[in-house]
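Read-outs: derived from the displayed coordinates by stated rules, not from any lab. Since this is a predicted model, take the numbers as computed values, not measurements. Cβ placement follows ideal geometry from the backbone for every residue including glycine, while neighbour counts extend to all protein chains displayed.
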Amino acid sequence: ARRALLRRLGPGSPLLPIAARALIGCALAGYVSSAAGVGRPYWAIVTAASLYQANVTLSWNRTLQRTLGNLIGVLVFAAVLPVTRTGPLALIGFCLFFSFAAEALITRNYWLGSVAVTPMALLVLEYAGSHPAGELIGDRVLDTVIGAAVGFLAAMLVTNRRATGRVESALAAAVSSASRSSTRAAVSLRRAANGGSATCPRRRYSQPSRPDTVRSRRQQYGRG
């Protein structure tokens, strides 16, 4: 398994830029968060890892969605935190609710799913004991901003230029295949039409009677 992984990440592999981007972005995000004195730098690492998409444009869209969802989720956490500290059932109920909302929304709308994920992740910490609300909110906001900024910077620096060539080659192959398929279909339809006209019997029409023939027949009937 290790050798197969090393072969796939070798020079010229399409997975190498993706792995390098994730490694550099996550490592820098964790380092910057630790250097800034944030208590939970793994949140910055998770934020950076969640940004990487097929290209820089998609990564930028994911960065905006992740940042917006996390910031709104922090506000939701601040609103429900006093209620969850009224008893264990309230804490469990809100955790289950946000977990269900995250699973239902994350594949349909990423930023709405992030709104549900953020308070769930913060409320899980309450199982081990109460934490200062300001500390949790501050750490989450800082880690989100640091992870998003550093992660997107890594996405811009470590690009995958070969992906464009592979996409263009795949599109050209698809267009060529579609053209050949349409040509074969047109030829088959033409052959079918020609064969059908050759096997279909022609309809025979009776020739109209000539005037002299009609006159002679009338004379014969009159004599009879």
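Numbers at a glance
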read-out: Cα-projected label distance for residue 90 with residue 72, points at 7 Å along beta-carbon direction, nm; value: 2.5
read-out: Expected-Rg normalisation [2.2 N^0.38 Å, Cα atoms] applied to the stretch 1-77; value: 1.33
read-out: Full-extension gain in nm, residue 181 to residue 128, via 0.36 nm per residue minus C-alpha separation; value: 12.7 nm
read-out: Principal axes of the stretch 1-134: Cα extent on each, largest first, Å; value: 57, 34, 30
read-out: Calculated from backbone phi, Karplus (6.51, -1.76, 1.60) coupling profile of the stretch 115-127 in Hz, x at Gly/Pro; value: 4, 7, 5, 4, x, 5, 5, 6, 6, 4, 5, 6, 5
read-out: Two-site FRET efficiency, residue 107 against residue 42, from Cβ-Cβ distance with R₀ of 30 Å, rounded to 0.05; value: 0.80
read-out: Ordering of 105-112, 129-136, 39-46, 74-81 by burial proxy (mean other Cβ atoms within 10 Å per residue, highest first); value: 39-46, 74-81, 105-112, 129-136
read-out: Relative contact order of the stretch 1-114, pairs being alpha-carbon contacts under 8 Å that are 6 or more residues apart, as %; value: 16
read-out: Length gained when the stretch residue 7-residue 61 is fully extended (0.36 nm per residue, less Cα-Cα span); value: 16.3 nm
read-out: Surrounding net charge for residue 67, when Lys and Arg each add one and Asp and Glu each subtract one, Cβ distance under 15 Å; value: +2
